[in-house]
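The values are calculated or read from the model by the stated rules, or taken from the named source; none is laboratory data. Just so it is clear, the structure is predicted and the values come from calculations on it, not from any experiment. All Cβ positions, glycine included, derive from the backbone under ideal geometry; neighbour counts span all protein chains shown.
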Amino acid sequence: AGNTAMDTLEECATTYNGQFILVVEGAVPTGESGNYCIIGEQNGSPLTMEQAVLKYGPMAKYVVAAGTCASFGGVSGASSATGCKSVSTVLSGKTTNPVINLSGCPVHPTVMVQTLLDLILIGAPAVDSNNRPTKYYGTTVHKQCERRGKEKVKQPGIYGCYGSIGCKGPQCSNVCPSMKWNNGVSFCIAANQPCMGCANPAFPTNPLIDVVSGATKKANNDEESNEKNQKDKTKVDTVSGATLKKG
């Protein structure tokens, strides 16, 4: 950590210039000159994440964006408050080296490790239109899902297909059903909730905002109903935390 980590970073990048793999986790804050994320110091001055990506990205043989935020902006990039951008956006026009996106919130650990091994032993993998290895992102969650073709249910928490309540499995490509999580124990749908599409380039702007919008509309209707009911109720006074009815 600290100066030791920064010295090691610089030494490795200089010694193995053009031969190392740079792994970046998280979207890159670019607002306020990148000062929303300072990763350490170099030569007595703060080094922002943006500066580090711009410095070491062109020096790397491969750049790996780990997770949806690093790959596409993700949750961090959904708001413009800190100017968060994907790694490939920050490096656009700055390097000819490939940026390999490993999306997912988070990226599956097996996908992370196997991709690094492939890069070391074989080279750059075949990728899809979003620069993700087709080996892991070539099939939708829906096509691999154990509940495909099962009876569609109207609520999460019970066994069945969640296609009618917003499951994004048909639009999301990831290894969740085949590799599962926590040493192959489970994944979102097996835990009785719809796929959120967390590996999608538009996550979370789409689908979550669409889903939340519908929920917000219902919440507003409920709030209006509650306000009306409240007006019809007997007036109350609150005294020292106790609620007393007026006769």
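The residue of the stretch 109-139 that is farthest from Thr205 (Cα to Cα), among those that are in contact with a strand residue (DSSP E or B) (Cβ under 7 Å, 6 or more places away or on another chain) and buried (at least 21 other Cβ atoms within 10 Å of the Cβ), is Thr115.
Output the number of residues of the stretch 9-26 satisfying the condition of being under 18 Å from Phe72 (Cβ atoms) and either part of a helix (DSSP H, G or I) or free of Cβ contacts under 8 Å to residues at least 60 places away in the same chain (or both).
Residues in the stretch 9-26 being under 18 Å from Phe72 (Cβ atoms) and either part of a helix (DSSP H, G or I) or free of Cβ contacts under 8 Å to residues at least 60 places away in the same chain (or both): 3 in total.
The set of residues from the stretch 67-84 being in contact with a Gly (Cβ under 9 Å, 6 or more places away or on another chain) and part of a loop (DSSP other than H, G, I, E, B) comprises Gly67, Ser80, Ala81, Thr82, Gly83.
So that you can scan it fast, the table gives a plain yes or no per residue for (1) crowded, with 16+ Cβ neighbours inside 10 Å; (2) in contact with a helix residue (DSSP H, G or I) (Cβ under 9 Å, 6 or more places away or on another chain); (3) under 22 Å from Gly197 (Cα atoms):
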site: Asn3; (1), (2), (3): no, no, no
site: Asn17; (1), (2), (3): no, no, no
site: Asn43; (1), (2), (3): no, no, no
site: Val75; (1), (2), (3): yes, yes, yes
site: Ala78; (1), (2), (3): yes, yes, yes
site: Ser86; (1), (2), (3): yes, yes, yes
site: Leu91; (1), (2), (3): yes, yes, no
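With respect to the stated conditions, Ser33 fails to be under 28 Å from Cys198 (Cβ atoms) and among the hydroxyl-bearing types (Ser, Thr, Tyr). Taken as a whole, the structure leaves Thr96 outside the set of residues that are in the same structural domain as Thr8 (by TED's automatic domain parsing), surrounded by fewer than 17 Cβ atoms within 10 Å (Cβ to Cβ) and in contact (Cβ under 8 Å) with a residue 40 or more places away in the chain. In the condition set (1) in a strand (DSSP E or B); (2) more than 19 Å from Glu25 (Cα to Cα), Ile39 is compliant with all but (2).
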